[in-house]
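I have placed the structure first, in the form of structure tokens, so that the comments after it can refer back to it.
The values are calculated or read from the model by the stated rules, or taken from the named source; none is laboratory data. Owing to the predicted nature of the structure, the values given are computational and were not obtained by experimental measurement. For neighbour counting, all protein chains shown are included, and Cβ atoms are generated from backbone atoms with ideal geometry for every residue, glycine included.
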Amino acid sequence: MRVLRRLLGTLLRPVSGRICNISREYLSRLLLFDIVMGFVEDCRVEGCYLEFGSAGGGSLTDAFYAARRYRRLNKMLFFVFDSFEGLPEPTGLDANESRRYSKGDYACNLDRFKRTVHQRGVDLDRVTCIPGWYSETLNGELKRKLPITKAAVVWVDCDLYESTVPVLEFITDYIQDGTVVIFDDWFSFKGRRDRGEARAFKEWLAKNPSIQATEYHIVGRTMMSFIMQVSGPTAVEPVASEGASFAKLS
Ligand SMILES: C[S@@+](CC[C@H](N)C(=O)[O-])C[C@H]1O[C@@H](n2cnc3c(N)ncnc32)[C@H](O)[C@@H]1O
């Protein structure tokens, strides 16, 4: 009996470790979506959910169900932006990362994406998919076509610096006080701030001095989120003693 138990333990240990790892990351994401949707509901942040990097629809499904738990978010609209061909060839600043990220990684075609999320119970009437490379699709013409007024939640999961730059440029007009921006791969470059999504965000904030970011939650291995504020003629001036929470990222 003891031999059998030991044998079973030996066989299952690698598998159970993997299951636990997957669940930890998965649960972290579920928790983050729930916190963020709860925040958006509590603070009455109006607007849509924008997702940049959707692959097979896992994150969209989780965001959809998280929103469904909150009464005011029952009619939230979801916009997903993806090549649906996977990652582009890592170039420019990302070229050195080609051992980690390769062209075509996470490819999932649009039909399969829609079928999958539909099977998981997502209401496709509230989901708009914008297929294509960000460098080609994210522009003023698209903005004029989309019924997006403001963003409540932005999920950035496109891994690469070169992909994140056009994404942030595109969302600039949709940012309002309380928009939550989540980066799935904030720490993916060994925590370096001069790589990947973190670098693109730092540069974008420097280019847009009216936008501030308050660090919100660090979740799972690599996720980071920020609550955004926009200063302007109608914005409330930050109180001096609250300075830390309004700190501009450097
Ligand atoms: C890690 S996957 C997203 C995973 C998904 N959020 C999930 O958790 O289920 C990254 C996605 O970003 C997309 N992507 C990255 N760079 C892109 C670009 N420049 N243009 C369009 N899509 C891009 C890829 O097609 C891929 O589907």
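Filter the stretch 200-215 for residues that are farther than 23 Å from V36 by Cα and either of a type in the set (K, R) or in a helix (DSSP H, G or I) (or both) and give the result. E203, A206, K207, listed by residue number.
Give, as residue ranges, the helices (runs of 4 or more DSSP H) completely inside the stretch 133-176 that count at least 3 residues that are within 16 Å of the ligand (Cβ to nearest atom) and on the phi < 0 side of the Ramachandran plot.
Details: elements: 134-137, 140-145, 161-171.
Passing ranges, in order: 134-137, 161-171.
Cβ separations smaller than 7 Å between residues 6+ apart or across chains give the following pairs from the stretch 123-149 residues that are aromatic (F, W, Y) to residues that are at pLDDT 95 or above and crowded, with 17+ Cβ neighbours inside 10 Å: W133/S83; W133/P88; Y134/F81; Y134/S163; Y134/P166; Y134/V167. Scanning the stretch 177-199 for residues that are within 15 Å of the chain's Cα centre (by Cα), within 16 Å of the ligand (Cβ to nearest atom) and assigned to a loop (DSSP other than H, G, I, E, B) yields D184, D185, W186, F187, S188. Note on the stretch 173-203: residues that are in contact with a strand residue (DSSP E or B) (Cβ under 7 Å, 6 or more places away or on another chain) and charged (D, E, K, R) total 3.
Does E89 satisfy the criteria of being crowded, with 16+ Cβ neighbours inside 10 Å and out of contact with any helix residue (DSSP H, G or I) (no Cβ under 6 Å at 6 or more places or on another chain)? For E89, the condition - crowded, with 16+ Cβ neighbours inside 10 Å and out of contact with any helix residue (DSSP H, G or I) (no Cβ under 6 Å at 6 or more places or on another chain) - is not met.
Checking each residue of the stretch 102-110 against the condition of being on the phi > 0 side of the Ramachandran plot, in contact (Cβ under 8 Å) with a residue 24 or more places away in the chain and within 16 Å of the chain's Cα centre (by Cα) gives at least one match. Only a single item in (1) surrounded by fewer than 20 Cβ atoms within 10 Å (Cβ to Cβ); (2) more than 22 Å from Y49 (Cβ to Cβ); (3) touching a residue at least 60 places away in the same chain (Cβ under 8 Å) is not met by F189, and it is number (1).
Cβ-Cβ contacts under 7 Å between residues 6 or more apart (or on different chains), taken from a first residue in the stretch 54-77 that is closer than 19 Å to D111 by Cβ to a second residue that is assigned to a helix (DSSP H, G or I) and among the aromatic types (F, W, Y), are listed as S54/F113; G56/F113; G57/F113.
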